[in-house]
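For reference, the structure discussed in these notes is given below.
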Amino acid sequence: MALMESEAIVLRSYPLREADLLVTLFTRAEGKVRGVARSAKKSKRRFGGALEPLTYVRAFYDVRERQELARLDACEVLESPLATEVTYVRAVALAHVAELLDELLPDREANDAIFRLSLSVLHALRGSDVWMPLTYFELWLTRLVGFLPELTECIVCGRSLNGSRAYFHALADGLMCVEDKRLASSEISGESRALAAQMFRAPVESFVGEPWAKVHGSDLRKFLIQILQRHIEKKLITAGILEKGEF
């Protein structure tokens, strides 16, 4: 079988036997692909540092009929997150992007919109200023996978929430007005809802350089993470680290 070639983002790599690696790629051509990189720990010519998580590569692989795992033949580094300083908070943020993509993307289903989103956010994830690109990524990813509810009306009564207080709950599918909110609901501010609307109208690059403390949009991120965790039916490990960290 002829080798397939595709741009890809490395999501995960795990040791498999003595010198092999089990690798998860988000390819532009086929979506998420899992494969084995034979002798990857020994072959600098074929892989080098290309299998580090969130490395943007050109991957060469083949997929054989009736075999779940592809055979990863080689990877060419196009852009590496290790090319700039990796602080602890940036390392956690990169791991969060990788975890979200790995958990939410189905196998072998191409999604060019999410691929382009991922690349643009990775370009914005520099230094320790991670909260803006993470907010942008979580918001757009939730929308692109089809989980984002309407942010301008109450899911219970249908009343417009523009100019009104709004609430969300871990077990609810959208926002609620003050009359219909559940016990133990959290409030999402009008500022954060306006921020979401701004992010839907502009590329991530337009927000780079703006002062962005962790508290900015924190209620929006909490709302989005609750939605994603409810749909995948598990806790996101990196979301907990980011929430509890003193960054």
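The values are calculated or read from the model by the stated rules, or taken from the named source; none is laboratory data. Since the structure is predicted, the reported quantities are computational estimates derived from the model, not experimental observations. Using ideal geometry, Cβ is built from the backbone for each residue, glycine included, and neighbour counts are taken over all protein chains shown. Note: areas computed on protein heavy atoms with side chains; ligands, DNA, RNA excluded. Shrake-Rupley method; radii C 1.70, N 1.55, O 1.52, S 1.80 Å.
Before moving on, here are some points about what is shown:
- Taking every residue in the range 54-72 that is in contact (Cβ under 8 Å) with a residue 12 or more places away in the chain and surrounded by fewer than 16 Cβ atoms within 10 Å (Cβ to Cβ) and pairing it with any residue that is assigned to a strand (DSSP E or B) and of a type in the set (Val, Ile, Thr), at least 6 positions away or on another chain, the pairs with Cβ-Cβ distances below 6 Å are Leu69/Val36.
- Top-ranked residue of the range 179-196 - restricted to ones that are open to solvent by 50 Å² or more (accessible area, probe 1.4 Å) and in contact with a Phe, Trp or Tyr (Cβ under 7 Å, 6 or more places away or on another chain), ranked as nearest to Arg126 (Cα to Cα): Glu187
- In the range 73-83, the residue that is nearest to Leu16 (Cα to Cα) out of those that are hydrophobic (A, V, I, L, M, F, W, C) and open to solvent by 50 Å² or more (accessible area, probe 1.4 Å) is Val77.
- First in the range 130-159 and under 20 Å from Gly190 (Cα atoms), second anywhere and surrounded by fewer than 20 Cβ atoms within 10 Å (Cβ to Cβ) and basic (Lys, Arg), Cβ under 8 Å, 6 or more apart: Trp131/Lys214; Leu151/Arg193; Thr152/Arg193; Glu153/Arg159
- Test for Ile225: is it under 21 Å from Leu119 (Cα atoms) and either over 17 Å from the mean Cα position of the chain (by Cα) or at pLDDT 95 or above (or both): yes
- Considering residues of the range 16-43 that are part of a strand (DSSP E or B), of a type in the set (Gly, Ala, Ser) and buried (at least 21 other Cβ atoms within 10 Å of the Cβ) only, the residue modelled with the highest pLDDT: Gly35
- Tally of residues being open to solvent by 80 Å² or more (accessible area, probe 1.4 Å), part of a helix (DSSP H, G or I), over 23 Å from Pro149 (Cα atoms) and in contact (Cβ under 8 Å) with a residue 40 or more places away in the chain across the range 197-247: 2
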